[in-house]
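Worksheet for the structure shown next.
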Amino acid sequence: AALGANLLGKFGDFTLRSTFRALLERETNESTTAEGTGLVTPGVSSLSNLQNRLSSSTLEEIRSTGEIGSVGADYQGKYIVDGLVRRDGSSLFGPEERYKIYHRFSGAYRMSQESWWPFAAINEFKLRASQGTAGGRPDFEDQYETLEFVDGGGLRKNTLGNKFLKPEQAKETELGVDMIVKERYSVQLSYAKNRVTDQLVQVPLAGLYGYTSQWQNAGTVEGNTVEATFEAQVIRNKNVSWRLGLVADRSRNKITEFKR
């Protein structure tokens, strides 16, 4: 379920806009599986006719909420700013870390809209910058103690629960230039630097814990990406249109922290 409101207003050369949204998610997954081998009576397709049977079942219930607010403004279509804040809550987070706040800020300057712009062939020239955060949710079972059945009966400890488990958090800063030449050729150049903290890692545990492993926020990865996009309207007339595009990018990432 989602509820939202959008507001838009003009005040002279200023255009202001804002958005507010609330989200409510409920998800239930129920699964039962049964399989086996060795028919006692050939041709009878029944689970009770199998010599060796194996069955399993799962039940998952996930609840999440989100509140989002954003505000944007531009002046004469040349100076553009935008900001967003989001608060996420999820049952997938540990009991001690139920909520997380993310943000995004961005700005752009359309230099080609200035009266002093000297290059008539360059129809659009825009400088832009942004910074934002986002998160990755843990899987359903990551925060709980898990046990497994063993042959001959009984239970064996598997994964130790973690009530302080948090979502991963990625922070990215991007700088870029957008350009259109003669309304037929466009170029986009972008550089992004990112840092992902609190990465979800399944960490092996010492034997004294009685469990083999535990999901923890134990890693940090840093990296950067360079991307270039070129697009050209090679042929454009009433009968034929041919657009050519080329994209090149390079990404580098490195683990800079790992807690054990």
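The values are calculated or read from the model by the stated rules, or taken from the named source; none is laboratory data. On a predicted model such as this, the values are computed, not experimentally measured, just so you know. So basically every Cβ, Gly included, is an ideal-geometry build from the backbone, and we count neighbours across all protein chains shown. Heavy atoms of the whole protein, side chains included, go into the accessibility calculation; ligands, DNA and RNA do not. Shrake-Rupley method; radii C 1.70, N 1.55, O 1.52, S 1.80 Å.
A compact table of results
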quantity: Qualifying residue in region 22-29 (condition: in contact with a strand residue (DSSP E or B) (Cβ under 6 Å, 6 or more places away or on another chain) and among the β-branched types (Val, Ile, Thr)); calculated: yes
quantity: Residues satisfying the stated conditions in region 87-108, i.e. open to solvent by 60 Å² or more (accessible area, probe 1.4 Å), in a strand (DSSP E or B) and either of a type outside the set (A, V, I, L, M) or over 18 Å from Val71 (Cα atoms) (or both); calculated: Arg87, Tyr99, Arg104, Phe105
quantity: From Glu183, Glu145, residue being farther than 23 Å from Lys78 by Cβ, touching a residue at least 12 places away in the same chain (Cβ under 8 Å) and either open to solvent by 40 Å² or more (accessible area, probe 1.4 Å) or not polar (S, T, N, Q) (or both); calculated: Glu145
quantity: Counted residues, region 66-97 - those being of a type outside the set (Phe, Trp, Tyr), under 30 Å from Glu27 (Cβ atoms) and either under 16 Å from the mean Cα position of the chain (by Cα) or at pLDDT below 95 (or both); calculated: 15
quantity: Scope region 186-215; condition of a type in the set (D, E, K, R) and open to solvent by 80 Å² or more (accessible area, probe 1.4 Å); matching residues; calculated: Lys193, Arg195
quantity: Strands (runs of 3 or more DSSP E) contained in region 109-227 and holding at least 2 residues within 30 Å of Val81 (Cβ to Cβ) and not β-branched (Val, Ile, Thr); calculated: 122-136, 168-181, 185-204
